[in-house]
1. State whether one or more residues within the stretch A:216-235 are of a type in the set (Asp, Glu), at pLDDT 95 or above and closer than 20 Å to residue A:155 by Cβ.
2. Just to check your reading of the model, which residue among B:45, B:31, B:77 is over 17 Å from the mean Cα position of the chain (by Cα), modelled with pLDDT of 95 or more and in a loop (DSSP other than H, G, I, E, B)?
3. Among the residues of the stretch A:108-128, which ones are touching a Gly at 6+ places or on another chain (Cβ under 9 Å) and in a loop (DSSP other than H, G, I, E, B)?
4. Just to check your reading of the model, which residue among A:142, A:115 is under 23 Å from residue A:84 (Cβ atoms), more than 8 Å from chain B (Cβ to nearest Cβ) and in contact (Cβ under 8 Å) with a residue 12 or more places away in the chain?
5. Please indicate, with yes or no, whether at least one residue in the stretch A:9-31 is within 14 Å of chain B (Cβ to nearest Cβ), crowded, with 20+ Cβ neighbours inside 10 Å and of a type in the set (A, V, I, L, M).
6. Would the stretch B:9-24 turn up any residue that is of a type in the set (A, V, I, L, M, F, W, C), touching an Asp or Glu at 6+ places or on another chain (Cβ under 9 Å) and in a helix (DSSP H, G or I)?
7. Of all residues in the stretch B:277-309, which are of a type in the set (Val, Ile, Thr) and within 23 Å of the chain's Cα centre (by Cα)?
Amino acid sequence: MIDQTYSKTELMICVAARLFEDGATCFIGTGIPMLAAMLAAKTTAPNLVPVFEFGGTGAILEELPRAVGEARTFHKGISALGICDTMETAQRGFIDYGFLGGAQIDPFGNLNSVTIGDHEHPKARLPGSGGGNDVGSHCWQTIAIMQHDARRFVPKVDFLTTPGFLSGPGAREAAGLPPGTGPIAVVSTLALMDFHPASCRMRLKGLHPGITVEEVIVNTGFELLMPEQVAMNEPPSEEELHLLRTEIDPMRFYI
Amino acid sequence: MEVLESGIKELIQPFDMDEFREWNRIRKSRKLVDKLMTEQEAISKFVYDDCYIGTELYGTVRCPMSLTREVIRQGKKDLRVCGQGVLELDLWLAAGIVKKLDITYIGLEVYGVPSGLRRAVESGQVESCVEWSNASISWRMKAAAMGVPFLPTRSMLGTDMLKYSAAKVVVDPFTGIKVALLPALILDVALIHVHRADRYGNCQVEGISGFALEMSRACKRLIISAEEIIPTEEVRKYPDRTVIPYFLVDAVVHAPFGSYPGEMAYLYGRDEDGIKEWVEMSKTIEGARAYLDKYVFSVKNHDEYLKLIGEERLQQAIGLRERRE
């Protein structure tokens, strides 16, 4: 009998995994998105086509990739090519979804993974865009997966690395980004969010079990739009927890 | 073409395409000459202070780690670096030998933000960080590989990435859409680790090719390290496997386990404890120094390094390799 008490991270991964569309092409970033993709592939999206930026496409995700170029990203895959090929595939409209992480997110879904504080004299230097900016620019729809607190959900990101809706409606197109692209959801440790179709601002969609609207508001550094009705996200199933702990992250890198 | 927006950062490696053509005409031999040499010889011959240098693929995957350590060992400094990496570039940053960065991603993947990077940038030791996305830096090398001064892209647009880069935004004269122009990147020196090469530098890789094709064609000097040195007959038997032809290559170094503690597809897996050792020790300046002392300065060369690691751990890494089944 598996221990049904679960962590916030485990719950976040499960909620994110359920968003993967079976049969779609998905660009998978480093970290939590990899766990969510693996869980999806083992449950609701067995025909998922994972794409990793350094060239791995269509891998069977049997073991957790710890880096976006290691052999697990093309294990029993369709192709093992190079970064230009995968990025060009995204740029010409072949990648349906992009799953991303970041250190900060703002109401328009813009992400920061470059610096905290001023770029020239940063308080903290972060790893950098990596493929994040490319994924946010070229994939049809992007989903961000983040820890939820007021330091991460900020009114304005310190450095706009990965484009969400930029400054609001029409801004992506005005900047030259491909039409019809943009963020569709944010999965956090507290809730699932989407974006208001007219204002492009982040909106609460569903609460994780045991979480209140007030908790989400307190942990969000900007005004989060409220839907007419707040949904409740399903807790992790026994199967999901079992897969996460025994097959996906048995070394406990993340969970 | 009207420039609508320009990144505010400098081009830390200015270039001249005609000069690059001349270089390739005069300075790169078409003769089949034996280029096999040691790490010491290759690095001392082709890497110099203040040069613009890059590594492929990255610190835990098919990475020229033995060459990377040799660069530190020889005290090369003030390097301008093409920054896509994990362990290798964090070692350089912690060793204090990096002056400027075209940075895309320097991180420890599952282990997060690297301490070497943080200290080197936050202290101002690295004078300049110019931002590029992963695709952008690869396409910059692709432009150089194509022999053209720039490539247009729809990456970077509308973000601070464009602002803190050296890219420019223009309106495409054919269709009227906005595009970011990425300047070509011609490296002074590139370090690439491959599965197999012959003595002349014809190279084969297995698994993903990362950005080896682009980087090998976008540099003035190319140092190859290879797990195995193969006879040229083997190259000629499978010409379709050659990803880097010999005339691009200046030095060939035989480096078994050259990517350790990172992995090499189908040959050995990564040594998690070996990677974690850097993650932990690099958290303090003293720890990072102790690591460099142990694994770089107190061993003379890659052979001694492998002896220090020991047969048992290398065999373990082989056991963890990706298998074709």
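The values are calculated or read from the model by the stated rules, or taken from the named source; none is laboratory data. Remember, predicted model here, so these are calculated numbers, not experimental data. Using ideal geometry, Cβ is built from the backbone for each residue, glycine included, and neighbour counts are taken over all protein chains shown.
1. Yes, the stretch A:216-235 has at least one match.
2. Result: B:31 is the single residue among B:45, B:31, B:77 that is over 17 Å from the mean Cα position of the chain (by Cα), modelled with pLDDT of 95 or more and in a loop (DSSP other than H, G, I, E, B).
3. Correct list: A:108, A:109, A:110, A:113, A:114, A:121, A:123, A:126, A:127, A:128.
4. That would be A:142, the only listed residue that is under 23 Å from residue A:84 (Cβ atoms), more than 8 Å from chain B (Cβ to nearest Cβ) and in contact (Cβ under 8 Å) with a residue 12 or more places away in the chain.
5. yes
6. no
7. Of everything in the stretch B:277-309, those that are of a type in the set (Val, Ile, Thr) and within 23 Å of the chain's Cα centre (by Cα) turn out to be B:279, B:296, B:299.
Per-residue answers, yes or no, for (1) without any contact (Cβ under 8 Å) to a residue 40 or more places away in the chain; (2) among the aliphatic types (A, V, I, L, M); (3) surrounded by 15 or more Cβ atoms within 10 Å (Cβ to Cβ):
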{"position": "B:221", "(1), (2), (3)": "no, no, yes"}
{"position": "B:233", "(1), (2), (3)": "yes, no, no"}
{"position": "B:237", "(1), (2), (3)": "yes, no, no"}
{"position": "B:248", "(1), (2), (3)": "no, yes, yes"}
{"position": "B:259", "(1), (2), (3)": "no, no, yes"}
{"position": "B:266", "(1), (2), (3)": "no, no, no"}
{"position": "B:270", "(1), (2), (3)": "no, no, yes"}
{"position": "B:275", "(1), (2), (3)": "no, yes, yes"}
